[in-house]
Every structure is written in structure tokens, then in C-alpha cells.
1. What is the one condition in (1) out of contact with any Lys or Arg (no Cβ under 8 Å at 6 or more places or on another chain); (2) within 16 Å of the ligand (Cβ to nearest atom); (3) part of a loop (DSSP other than H, G, I, E, B) that G52 does not satisfy?
2. Among the residues of the range 1-12, what is the count of those that are of a type in the set (A, V, I, L, M, F, W, C), open to solvent by 60 Å² or more (accessible area, probe 1.4 Å) and within 27 Å of K59 (Cα to Cα)?
3. Condition first: among the hydrophobic types (A, V, I, L, M, F, W, C), within 16 Å of the ligand (Cβ to nearest atom) and surrounded by 15 or more Cβ atoms within 10 Å (Cβ to Cβ). Now tell me which residues in the range 13-37 satisfy that.
4. Pull out all pairs, ordered by first then second residue, where Cβ-Cβ is under 9 Å, the residues are six or more apart or on different chains, the first lies in the range 51-80 and is of a type in the set (S, T, Y), and the second is not in a strand (DSSP E or B).
5. Go through (1) open to solvent by less than 90 Å² (accessible area, probe 1.4 Å); (2) among the aliphatic types (A, V, I, L, M); (3) part of a helix (DSSP H, G or I) and name the single condition A40 misses.
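The values are calculated or read from the model by the stated rules, or taken from the named source; none is laboratory data. Since this is a predicted model, take the numbers as computed values, not measurements. Cβ atoms come from the backbone with ideal geometry, glycine included; neighbour counts cover every protein chain shown. Remember, those area values only see protein heavy atoms, side chains included, never the ligands or the DNA or RNA. Shrake-Rupley method; radii C 1.70, N 1.55, O 1.52, S 1.80 Å.
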Amino acid sequence: MKEHSVQVTRVVSDITCDICGQSVVNEAQKNNMANLDSFAEYARLVAEFGYGSKRDGEKFQFDFCEGCFEDLLSKINKLKAVKKAK
Ligand SMILES: [Zn+2]
């Protein structure tokens, strides 16, 4: 005889953009994936600073939707242009 028990498992149920707060996962993907931990179709910025840095030991992680990533990319390109001009 099989005995059953209910076990609680932590899963990633959604991933939201750190700028606009919207989900980076469309509804179809949410319905098809029980755990979004392996979902990788979004932008992620990870920064870690080590010894000798002003931010020694600090870690940053941001997730972005496609729209906010485009805005960020545009900002980076503007900064590059400003820095090159100097
Ligand atoms: Zn966003």
C-alpha cells in the first residue's frame, strides 16, 4: 500500500521587473511552467565588488522586463557617448 503525504516545495512563481514592477513572464509561460526558476528569457544585471573596491563585498542583482531593458540600453549608449566626448 502506498502512503501519501503532502510536502511543501518552494518554487519561483513569478519574476518581476525591478524598474516597473511588471512580470517578465507572459501568461502562457506561467501556465506551462510549474517552477520558473529555470526561466531565462529576461534581462538580469549582476554586480559584485571585491577587495580594493569602494564597494568591497557589495552585491547587486536586478531583473528587467524587455521594455525597461531597452530604456536602460538607451541610457547606457547615451552615457557612452558622453564619456567618449570628454
Ligand atoms: Zn520593466
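1. Condition (2) is where G52 drops out.
2. The total comes to 1.
3. I15, C17, I19, V24, V25 - these are the residues of the range 13-37 that are among the hydrophobic types (A, V, I, L, M, F, W, C), within 16 Å of the ligand (Cβ to nearest atom) and surrounded by 15 or more Cβ atoms within 10 Å (Cβ to Cβ).
4. From the range 51-80, the pairs are Y51/G57.
5. Every condition holds for A40 apart from (3).
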